[in-house]
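Remarks on the structure that follows.
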Amino acid sequence: MARIKNIELPNEKHVSIGLTAIYGIGRSLAATICASAKVEPTKKIKDLTDNEIAALRKEVDNYIVEGDLRRDTQMAIKNKMEINCYQGIRHKKGLPVRGQRTSRNARTRKGKGKVVANKKKVGK
């Protein structure tokens, strides 16, 4: 099993798909990495040689991935929250950040619906 950036890549998948197990590497970046490392993207990860794995490791090191990328993202969010910009305020309140409507949806950000008690109508 190949390990790149302390992530075990799935053996049965093609190299271009298996690289997407690393946080920060998508399909297009994986294809770019395979091309620059001169590794066949359709080759299975279990069939890679040590030299090919080393080439992939060296190529992945050129990009910000995994822990560094997560840390950068969190720091950017914290910075926005500290300077009280619009997006930072939305992050603090736990609401959608990118302009989505909240009257009907947004359950992912807002959480489970809260029950509001009805006032009883006074009967005549």
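The values are calculated or read from the model by the stated rules, or taken from the named source; none is laboratory data. Remember, it's a predicted structure, so these values are computed and weren't measured experimentally. Positions of Cβ are generated from backbone atoms using ideal geometry, with glycine treated the same way; all protein chains shown enter the neighbour counts. Side chains are part of the model used for accessible areas, which takes the heavy atoms of the whole protein and leaves out ligands, DNA and RNA. Shrake-Rupley method; radii C 1.70, N 1.55, O 1.52, S 1.80 Å.
Any idea how many residues of the stretch 68-124 are among the basic types (Lys, Arg) and closer than 22 Å to Gly24 by Cβ?
Residues of the stretch 68-124 that are among the basic types (Lys, Arg), as a first pass: 70-71, 78, 80, 90, 92-93, 98, 101, 104, 107, 109-110, 112, 114, 119-121, 124.
Filter once more, keeping what is closer than 22 Å to Gly24 by Cβ: 70-71, 78, 80, 98.
Matching residues across the stretch 68-124 total 5.
In the stretch 93-107, the residues that are at pLDDT 90 or above reach residues that are among the basic types (Lys, Arg) with C-beta atoms within less than 7 angstrom, at least six apart or across chains, in these pairs: Gly94/Arg109; Gly94/Lys110; Leu95/Arg109; Leu95/Lys110; Pro96/Arg90; Pro96/Arg109; Val97/Arg90.
I'd like the residue in the stretch 56-80 that is assigned to a helix (DSSP H, G or I) and of a type in the set (S, T, N, Q) and, out of all such residues, is least open to solvent (accessible area, probe 1.4 Å). Filtering first and then ranking leaves Thr73. For Ile33, the stated conditions do not hold, so it cannot be described as part of a loop (DSSP other than H, G, I, E, B), among the β-branched types (Val, Ile, Thr), open to solvent by less than 40 Å² (accessible area, probe 1.4 Å) and free of Cβ contacts under 8 Å to residues at least 60 places away in the same chain. Scanning the stretch 1-25 for residues being among the hydroxyl-bearing types (Ser, Thr, Tyr) and farther than 19 Å from Arg70 by Cα gives a total of 1. Scanning the stretch 1-30 for residues that are in a strand (DSSP E or B) and among the aliphatic types (A, V, I, L, M), we see that the one that is most open to solvent (accessible area, probe 1.4 Å) is Ile7. Only residues that are over 18 Å from Ile7 (Cα atoms) and basic (Lys, Arg) were counted in the stretch 33-53, giving 2. Checked against (1) loosely packed, with under 14 Cβ neighbours inside 10 Å; (2) in a helix (DSSP H, G or I), Thr42 meets all criteria but (2).
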